[in-house]
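Every number in this text was worked out from the coordinates using simple rules, so none of it is lab data. Just so we're clear, the structure is a prediction, and the values are computed from it rather than from any experiment. Here the Cβ positions follow ideal geometry from the backbone for every residue, glycine too, while neighbour counts run over all protein chains shown.
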Amino acid sequence: MVRLLNRSKESKKNKMSQGLTPKNFVTYKDVTLELRDIVNSNQPLQQLAGTPLKVMLSYKVSKALKALDKEIEAFSNARKAVLDKYGKFDEEKKTYSYENENEKLAEDELNAMLDKTVTFKVPEVSITELEGETIEPRILAILDWYITD
């Protein structure tokens, strides 16, 4: 048994020394989405990431989640700046209040940001890789940009 483990370690070392890492086995694709779709995809992708998956599929989902997180963090910072620009934050109620037309101005500016397209790379995931997994149809519908036939 020890010999078998050592061979496994040696095999892994040989693959790594040849430059064969999980990145070499994964095909990435460019995805262009409206920021609105990225925000809407975050929660379903997190749900998928929270389910037990095979190692390679878990790796792919985690890479996609990191790509989305980067875009969502940038949007969250910009969103807060817009809300601070047009409104006043009430610490006690944890809400913003607006004067005059400022709420409409903030809403228009946020919608304009959400309409912008963003291009990023994600690992390709085929529907056959998800075979045998239990996934809600709603999640598959929202993540149709991510899952290929």
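Working ranking of peptides 32-39, 86-93, 113-120 by packing, defined as the average number of other Cβ atoms within 10 Å per residue, highest first, is 32-39, 113-120, 86-93.
Considering only Cα-Cα distances, which of the following residue pairs are longer than 19 Å: 94/116; 66/121; 70/116; 63/121; 60/121; 80/116? The partial results should precede the final answer.
On the way: 94/116 28 Å; 66/121 10 Å; 70/116 15 Å; 63/121 9 Å; 60/121 11 Å; 80/116 17 Å.
Correct reply: 94/116.
Each peptide in 43-51, 70-78 gets a packing score, the mean of other Cβ atoms within 10 Å over its residues, and the list from highest to lowest is 43-51, 70-78. The mean of 1/r over all pairs of different alpha-carbon atoms in region 35-148, once inverted, gives a Kirkwood hydrodynamic radius of 16.1 Å. Projecting the Cα atoms of 110, 55, 74 onto the dipole axis of region 35-148, where Lys and Arg carry +1 and Asp and Glu carry -1 at the beta carbon, places 55 farthest toward the positive end. Determine which aspartates and glutamates satisfy two conditions relative to residue 88: a Cα distance under 13 Å, and not lying fewer than 8 residues away in the same chain. Within the straight-line cut-off, residue 88 pairs with 99, 103.
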